[in-house]
1. Between (i) 89, 68, 50; (ii) 123, 67, 59; (iii) 102, 63, 54, which entry matches Cα extents along the principal axes in Å as derived from the coordinates of this structure?
2. Any chance you could check the Cα centroid distance between region 713-749 and region 568-627 for me, in angstrom?
3. Whole angstrom only: what separates the Cα centroid of region 471-520 from the Cα centroid of region 453-469?
4. Within the set of other residues whose C-beta is less than 10 Å from the C-beta of S133, count the net charge using Lys and Arg as +1 and Asp and Glu as -1.
5. Restricting to DSSP loop positions (anything but H, G, I, E, B) with no more than 15 other Cβ atoms inside 10 Å of their own Cβ, which chymotrypsin sites (Phe, Trp or Tyr not before Pro) remain in region 581-634?
6. Rounded to whole Hz and in sequence order, give me ³J(HN,Hα) for region 70-83 from the Karplus expression 6.51 cos²θ - 1.76 cosθ + 1.60, θ = phi - 60°, writing x for Gly and Pro.
7. Could you pull out the chymotrypsin sites (Phe, Trp or Tyr not before Pro) across region 253-342 that fall in loop regions by DSSP (anything but H, G, I, E, B) with no more than 13 other Cβ atoms inside 10 Å?
8. Could you give each residue of region 238-244 its phi-based ³J(HN,Hα) in whole Hz, using Karplus coefficients 6.51, -1.76, 1.60 with θ = phi - 60°, and x for Gly or Pro?
Amino acid sequence: MVFPQCENTRSRVLEGWRSGSTDANRALKILEIVEKDYKTDPKRRVLSGWSMGGYGAWSLAAAEPDRWSSLVPLAGGGQVEWAEKLKALPIWAWHGDADGAVNSTRSREMIDAIKAAGGTPRYTPIPGGDHDSWKVAFSDDRLIAWMLNPSGVDPDKLPAPTTKLLPKQVVADPFVAALEMPNAVYARIGNQALEAAAYAAPKTIPANLLSGGIRDIFDSTNVDGYGFQIQFTGISYSSQLKQLRVKAYTKDRINVQIGLENASLNIGATYVTGEDHSATAGPIQIGIGHRRPVWLSVDLQPYVENRRIRLRQVGARFDIPNDNWYVTSPAGVSVSGWGMKREAVSGGLVRGLYGSKNRIESEVLSIVPNLIETLEKKLAEYSETGELAGNFWPIPVYKPRLKFFPQTIAADENGLLLTLGATVAAFDPKNAPKQPKVVDLKAPLPDLSKVTALQIGISPGSLDPISEIFADAKVGNIHVLDIPEDTFSKFADKTLLTEFIPELKRHPNASLDPILTLSSGIRVTDAAAIDKESPPQFELAVSKITIATSLKLDPNSDQLTPFAEYDIELKQKAQVEFLKPTYVHRTFKLTWHGDPEVKVTCRFADGYLAEDKMINSEAITTLLVESWKAWTALSPTVTSRIPDIDFGLTKLRMANAGWNSPHLFASFTVPIMKLSNTSEEVFTYETKGPYSDWGGPYKIEPGKSHEFEIPYPLTYRRSGEIYTLAPGSHSEFRVPTKGGSPRLFQARD
């Protein structure tokens with residue numbers, strides 16, 4: 001594999017890899033060297049590219065279609081005039097249908113044109129997919145198989161991928177902190193959310209956590225009137241975790257209950273020593289929880305230390321019911337001394353262990369510190385992710401890399417409240433500051449004491465310092481012709497701009513090269529709603545966006561002459577809308593509202609000597625407003641499909657999202673599982689949960705539904721059919737497409 005990188009980072013995004021460009025020629029030269037120095041197969045020369053590279057892949061393929069065995073363009077586009085050249089080349093294009101950086105119509109236009117020319121390209125739209133379409137494409141083994149043999153592999157006949165997508169953050173650069181923002185996020189983890197997470201624990205907690213060894217136990221007993229010292233040695237334990245319960249129940253206290261079953265305490269050997277008598281016994285097994293789970297209950301005080309959540313043990317209880325444990329006789333007993341009997345030693349040891357239940361319970365309690373340590377490590381993993389906050393980023397590319405660190409944690413009778421700070425990575429680790437800048441957002445928290453689900457709030461005040469890093473790193477630049485849908489393309493129209501800037505008449509053969517730059521941070525403040533029925537609104541304000549226009553005086557040279565600059569102050573109202581596009585999918589949109597407030601200051605560039613100094617600032621302002629409104633009308637700033645928070649066996653689903661000053665928030669609850677009867681006969685069935693027996697039978701009349709608000713999978717059976725239904729799923733009882741008796745299927749929605 002060859003991964004060339006573009007050297008000219010100031011070039012147009014959509015043309016940086018175009019055929020004939022310096023970087024494209026350099027990439028092909030690298031390929032030639034690789035093929036010369038290494039053994040390669042020219043029949044498997046696959047061309048692929050993503051985003052800017054996706055445009056380049058289309059261009060390079062059109063220039064030399066016979067050079068490539070197949071083409072895989074991702075989130076790219078090209079010119080429909082290339083279709084005739086590309087129709088014989090095996091092509092599989094991928095594009096997220098919610099891509100905010102490159103509209104998916106760019107890929108569809110190319111695919112439709114090639115089909116019209118007689119080609120048979122493949123196209124995979126990614127439902128709800130954003131700009132990172134490569135992560136979905138290259139997680140699919142069918143694509144890899146097709147790339148190796150595009151003429152002999154039919155991906156439709158291969159099994160769908162079962163593996164998870166590539167990680168959300170796949171980066172080579174180290175995470176070097178450039179900014180720290182205390183009080184950036186809050187997380188209300190209510191008891192409903194804790195219950196849901198606890199259901200998945202038996203599948204996620206390592207098996208070796210409930211196994212290990214303990215120190216020798218020393219005791220004394222009396223056998224046949226003789227006193228003896230006893231040493232139990234080689235002791236190991238193992239157990240199965242049947243169920244976990246977690247609940248906050250009062251100020252700064254949470255209770256964790258661990259249901260253990262088939263627990264085994266194995267004693268390797270027992271030594272009985274007296275003055276003139278002794279005995280040695282073989283292995284003894286103590287079984288606990290063979291009839292039903294035995295509960296280990298631990299009370300904890302959560303706190304934060306050195307940016308990690310800690311759990312202090314404040315109490316623990318473990319009581320073994322008399323009817324739910326047993327002691328086996330030792331496997332082999334040897335005795336020494338006159339009058340010692342093996343049966344008496346064996347019986348004495350068993351009776352002694354039965355009489356030492358308190359001691360055994362105490363030994364089980366000794367594993368609690370290890371359990372707490374493991375739980376703390378899990379909490380550290382969960383607290384670092386910055387994925388959800390990244391979904392609120394209003395710029396479609398260059399999403400910031402975030403990590404969170406806990407600051408405070410408190411418990412009450414309904415759940416936990418966690419406040420977190422955010423650390424933002426430098427866009428360029430090589431030029432990161434020696435010490436990260438610290439901006440304390442100090443956003444007051446709402447009253448969340450009654451919230452029993454999961455609610456996450458993000459302070460939009462974080463946009464300002466993050467976007468300042470974005471501006472300072474000089475990555476907030478884009479050629480106006482690269483802005484989606486050509487909405488700002490008029491700023492590169494020389495004929496039009498000459499009407500506003502007569503000085504351009506002096507350069508009849510020059511072309512315009514306008515670059516839009518974010519030069520300041522993005523501030524967020526409250527804004528009055530349109531009416532009482534509308535969601536709360538906020539206002540985004542940018543104090544400086546610059547469009548710097550240079551002249552390309554010689555079409556055969558890359559040299560540019562700075563010409564004019566337009567400094568823009570912009571304010572725009574926005575609101576968050578919560579949507580349910582299907583029964584199982586949840587989406588939020590960050591949408592613009594009303595007309596923008598715009599102020600434009602125009603001037604000639606420093607060093608440029610204009611003969612005609614007139615610039616029609618009013619016309620430039622009108623053009624800017626028209627361009628901005630055209631762009632914001634195409635799509636919302638952000639449209640993100642929010643996946644369920646999946647714990648394995650259980651999940652939480654977004655139930656609401658919006659603006660609750662001074663936070664953008666998202667709430668997650670236990671999703672409703674639904675069974676619908678779309679047949680014409682009564683639907684009769686039974687169900688059971690992970691820890692219950694079969695219930696029912698239940699009946700659903702035609703056209704009716706049953707709903708279950710449960711955080712765990714539900715097992716369903718009917719007339720020999722047995723299925724496990726996932727939380728939040730929708731199933732329907734209907735007649736199969738090919739006819740026959742009604743059966744249960746995944747719902748069509």
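1. Here the calculated entry is (ii).
2. 50
3. 31
4. Values: positive: K135; negative: D97, D99, D130, D132.
Value of the local net charge: -3.
5. Loop-located and lightly packed - Y583, Y608.
6. With coefficients 6.51, -1.76 and 1.60, one gets 6, 10, 10, x, 10, 6, x, x, x, 10, 4, 5, 7, 4 Hz.
7. Sparse-neighbourhood loop chymotrypsin sites (Phe, Trp or Tyr not before Pro): W338.
8. Computed from phi, the couplings for region 238-244 are 7, 7, 10, 8, 7, 7, 10 Hz.
The values are calculated or read from the model by the stated rules, or taken from the named source; none is laboratory data. On a predicted model such as this, the values are computed, not experimentally measured, just so you know. All Cβ positions, glycine included, derive from the backbone under ideal geometry; neighbour counts span all protein chains shown. What goes into the accessible areas is simple: the full protein's heavy atoms, side chains included, and nothing from ligands, DNA or RNA. Shrake-Rupley method; radii C 1.70, N 1.55, O 1.52, S 1.80 Å.
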